Each structure stands twice: as structure tokens, then as C-alpha cells.
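All remarks here apply to the structure that follows.
The values are calculated or read from the model by the stated rules, or taken from the named source; none is laboratory data. Fair warning: this is a prediction, and the values are worked out from it, not measured in the lab. Cβ sites come from the backbone with ideal geometry, for glycine too, and all protein chains shown count toward neighbours. Protein only, heavy atoms only, side chains kept; ligands, DNA and RNA dropped before computing areas. Shrake-Rupley method; radii C 1.70, N 1.55, O 1.52, S 1.80 Å.
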Amino acid sequence: MISNLEKALGFELKAFNYLYVLCDYETLLKKNITLEKFVDLCKKNDVKLVQYRDKISSLEEQKNNLLYLKSQLNIPIIINDKIELIEFADGLHLGQEDFSKIHNDKKIAIKLIKAKIKDKLLGLSTHNEIEILEANELPLDMIGLGAYRNTNTKDVSSIIGSKISYLAKISKHPVCAIGGVKMDDIIENVRFNVIGSGFFNEN
């Protein structure tokens with residue numbers, strides 16, 4: 001049966017290491033990259049998913065940026081953290097701490113989240129075996145797993161490294177490897193390579 005994620009993507013997940021790019025608006029501004037240029041790079045590199053993350057703009061600006069990305073890219077646009085903007089995106093990605101803010105019991109938290117986002121995509125960040133096993137019990141569409149390598153942009157206390165393929169194998173959900181991942185990395189059992197600021201260095 002075709003999954004919710006496959007329905008959103010418009011194809012079956014048969015291969016591995018598809019590209020999933022983070023559109024961190026602050027990084028774009030720092031690197032002097034317009035949204036137009038970002039869209040061109042996504043098209044050029046056959047990007048399959050985009051996650052929009054913005055900790056600096058007003059909600060109105062974020063809404064306009066989401067609508068622009070959706071109008072220009074025929075792929076799912078995921079919003080990071082901001083459940084209040086779900087109407088303008090195809091899905092939501094949350095960290096472990098975001099779930100805890102909603103409810104300490106993840107199963108209750110996810111019911112409250114699903115009530116708001118309906119059948120839109122939902123992803124959760126994971127960092128270890130315990131969090132993956134917890135995620136396996138939840139109706140998620142995918143999980144983020146990392147950090148794979150050390151990165152300059154985040155304080156990463158636990159690097160997964162070569163353990164990532166084993167950890168990805170125990171996940172019931174498609175795994176999106178994050179943290180120092182390169183576009184051409186071949187990582188076993190990982191469906192998506194999540195590329196952050198490295199996307200601009202490699203193009």
C-alpha cells in the first residue's frame with residue numbers, strides 16, 4: 001500500500017539517499033542567496049523534499065516564503081516547528097523537545113498534533129536507538145536521524161557516524177540522515193540525505 005509520504009512525493013520510495021534540503025532562511029540571508037536562487041538549485045539537483053526553517057522573520061513573512069516555495073517547487077514543503085503555519089505547508093517537522101512541550105506522553109502529543117495537521121506529513125528528530133524505538137510506536141511519516149557527522153552550524157554532542165545504517169534499519173519509518181551529510185553520500189538503509197548549509201557549498 002502506498003504511504004502518506006509516497007502520496008505526497010508522487011512516487012514510490014524504491015531507492016535510497018534521495019535529496020532533502022533544509023531552507024534555513026537565516027543561512028540564505030547570511031550567504032546572500034535569494035529564495036529564487038534556492039529554488040533554481042533545488043530544481044537543478046532534483047531535490048525531493050524541502051524543510052523551511054526560520055527563526056528570524058515575522059509569521060507573515062514566513063507564510064509568504066512558504067507560499068512562494070510551494071508555487072515554484074512541485075515537491076512537499078515541510079515547516080520546521082511552526083505548527084501555526086501548517087496551513088501553508090505540506091508537513092511539519094518537530095524535535096524531541098517540541099513533542100515534550102505539547103505533552104510528556106508522546107502518544108498523547110501526537111494525537112494533539114494530528115488533530116491540527118490532519119493528514120499532512122509529520123517528521124520527528126531522533127538521535128539514538130531508544131528514540132527510534134519510541135518513534136516506531138507513533139504514526140509518523142518519517143524520522144530525522146543524526147548527527148551523522150560533525151557540523152559547523154550546530155552544537156552536536158553525539159555523532160552517530162557509521163552506526164547510522166544499523167539504527168536506520170531498526171526504524172519502521174523512512175529515515176532522513178542529518179548532520180554533516182553530503183549530497184553524494186551513499187548511506188545504507190537511509191531514504192533521504194538531509195543537506196543543510198553544505199547544499200550551497202556543493203553548488
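Hey, can you tell me all the residues within segment 86-107 that are free of Cβ contacts under 8 Å to residues at least 40 places away in the same chain, in contact with an Asp or Glu (Cβ under 9 Å, 6 or more places away or on another chain) and not charged (D, E, K, R)? Leu92, Leu94, Gly95, Gln96, listed by residue number.
If you go through segment 67-109 and pick out every residue that is more than 22 Å from Leu49 (Cα to Cα), in contact with a Leu (Cβ under 8 Å, 6 or more places away or on another chain) and of a type in the set (A, V, I, L, M), you end up with 1. Applying the selection to segment 162-176, what residues are open to solvent by 30 Å² or more (accessible area, probe 1.4 Å) and hydroxyl-bearing (Ser, Thr, Tyr)? Of everything in segment 162-176, those that are open to solvent by 30 Å² or more (accessible area, probe 1.4 Å) and hydroxyl-bearing (Ser, Thr, Tyr) turn out to be Ser162, Tyr166. Within segment 28-73, the set of residues being in a helix (DSSP H, G or I) and aliphatic (A, V, I, L, M) comprises Leu28, Leu29, Leu35, Val39, Leu41, Leu59, Leu66, Leu67, Leu69.
Does Cys23 satisfy being in contact (Cβ under 8 Å) with a residue 40 or more places away in the chain and within 22 Å of Asp184 (Cα to Cα)? The answer is yes for Cys23. Could you say whether any residue in segment 43-52 is in contact with a Cys (Cβ under 6 Å, 6 or more places away or on another chain) and either at pLDDT 95 or above or open to solvent by less than 40 Å² (accessible area, probe 1.4 Å) (or both)? The answer is yes, given that some residue of segment 43-52 is in contact with a Cys (Cβ under 6 Å, 6 or more places away or on another chain) and either at pLDDT 95 or above or open to solvent by less than 40 Å² (accessible area, probe 1.4 Å) (or both).
Which residue out of Phe200, Phe99 is modelled with pLDDT under 95, crowded, with 20+ Cβ neighbours inside 10 Å and closer than 30 Å to Leu28 by Cβ? None of the other options fit; the residue is Phe99.
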